[in-house]
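Colleague: Below are the structure tokens for one structure; questions will follow.
The values are calculated or read from the model by the stated rules, or taken from the named source; none is laboratory data. Here the structure is a predicted model, which means the values were calculated and not measured. Note: ideal-geometry Cβ built from the backbone for every residue, glycine included; neighbour counts use all protein chains shown. The accessibility values were calculated without ligands, DNA or RNA, using every heavy atom of the protein model including side chains. Shrake-Rupley method; radii C 1.70, N 1.55, O 1.52, S 1.80 Å.
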Amino acid sequence: VARRTGTMNPRSIRSLFSFLLISVILLVGLPTGADAAGKKKKKDPLELRAVKSDVKYIRCQVCQEVAKVLSREASMLRDAKGAKLKESDVLEKVEKVCDPEAVEGEWLITHDLQEKGSELKMVLMKDQYGACGSECKTMQRACEKIVADRDTDVAEILFTGSPQRAALVQRMCHNDDEDGFGACVKKPPPLPKARPKGPAFDPVDKKDLDMQRMMKNMKDMGMGGMSMYNRDDMEDMMDDEDMEDPSLTDNPYKNYDQSIYDPSEPPAPGVAEKVADAVRGAGSAIRGGIDAAIGWGKGLFAPSKESAAKAETESLGEL
């Protein structure tokens, strides 16, 4: 029987390279001792959905905030483009004002909904940014009910008329002729005494938000394929994917009728999908690295001519 030589076949090199790659991907997100001690509990899926029954309490406030944002954006556009300004430029701003991931919709993650007596108030959290949970989604839903089906009308008002805030609030929020533009015509009803308080404001790092926004912009430009994960994301990827029993969470809305929520959003990708996406995103760089590793391995482990001849002689001798 011929003796085994010290060669390493390409399949073994590929397996080794893949193992090292996945190890690096996972280890980057491993928590330190301090991080593990302060690890956050997974969010209840109900906290990530809008509460439809709360929209009527905040419609007017949302409408006024949207008018303020659009008035500012339209004024900036006029200053920047002057006579070259097109209605399509204004329409683009209107279409993004209800998107918490866009600059125009940033107001959604800088406000908190707080109970003030019998009213539900939008409170500006100065110099703070929050995760877009249930309250953010509720404000977003109120915004969409005002703007979504009337975006071209709003853009036309801004393009042809005065972008002044007071005039825009009057046109968008106090119009008796159309329900969508009449959010402030009627006073909102008082909060029911039995309504539980909403979740606390959940601050997030502005750098994480900027990174998410950058990745979204790259994807919108057709440069998708890679995902960016922070440390908390990587911890969640390694955690058990089974969802916690909602009855064991501190969700303030757990006793609500499920019908008040928006339909569930599609489930987040699992560990295998996220790791696969990260590996796929590396693309040609990984394939090039594997090919280089194979070439290096062949050169490192290939026997010299003398050792190959010696092995062949010994093999014939044994026969």
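Colleague: For segment 190-220, which positions are assigned to a helix (DSSP H, G or I) and in contact (Cβ under 8 Å) with a residue 40 or more places away in the chain?
Modeller: Passing the criteria: Lys206, Leu209, Gln212, Arg213, Lys216.
Colleague: Among the residues of segment 145-162 satisfying the criterion of being open to solvent by 50 Å² or more (accessible area, probe 1.4 Å), acidic (Asp, Glu) and more than 15 Å from Cys173 (Cβ to Cβ), which is farthest from the chain's Cα centre (by Cα)?
Modeller: Across segment 145-162, the extreme among qualifying residues is Glu156.
Colleague: Sticking with this structure for a sec: Check Gly198 against each of (1) surrounded by 14 or more Cβ atoms within 10 Å (Cβ to Cβ); (2) touching a Lys or Arg at 6+ places or on another chain (Cβ under 7 Å) and name the one condition it does not meet.
Modeller: (2)
Colleague: Quick check: is even one residue across segment 117-135 touching a Gly at 6+ places or on another chain (Cβ under 7 Å) and either surrounded by fewer than 20 Cβ atoms within 10 Å (Cβ to Cβ) or farther than 19 Å from Gln61 by Cα (or both)?
Modeller: No, every residue in segment 117-135 fails to be touching a Gly at 6+ places or on another chain (Cβ under 7 Å) and either surrounded by fewer than 20 Cβ atoms within 10 Å (Cβ to Cβ) or farther than 19 Å from Gln61 by Cα (or both).
Colleague: Any residue in segment 139-160 that is outside any helix (DSSP H, G or I) and closer than 13 Å to Gln64 by Cα?
Modeller: Within segment 139-160 (the criterion being outside any helix (DSSP H, G or I) and closer than 13 Å to Gln64 by Cα), the answer is no, since none of the residues qualifies.
Colleague: Only one of (1) open to solvent by 30 Å² or more (accessible area, probe 1.4 Å); (2) modelled with pLDDT of 95 or more; (3) not hydrophobic (A, V, I, L, M, F, W, C) is not met by Glu65, so which one is it?
Modeller: (1)
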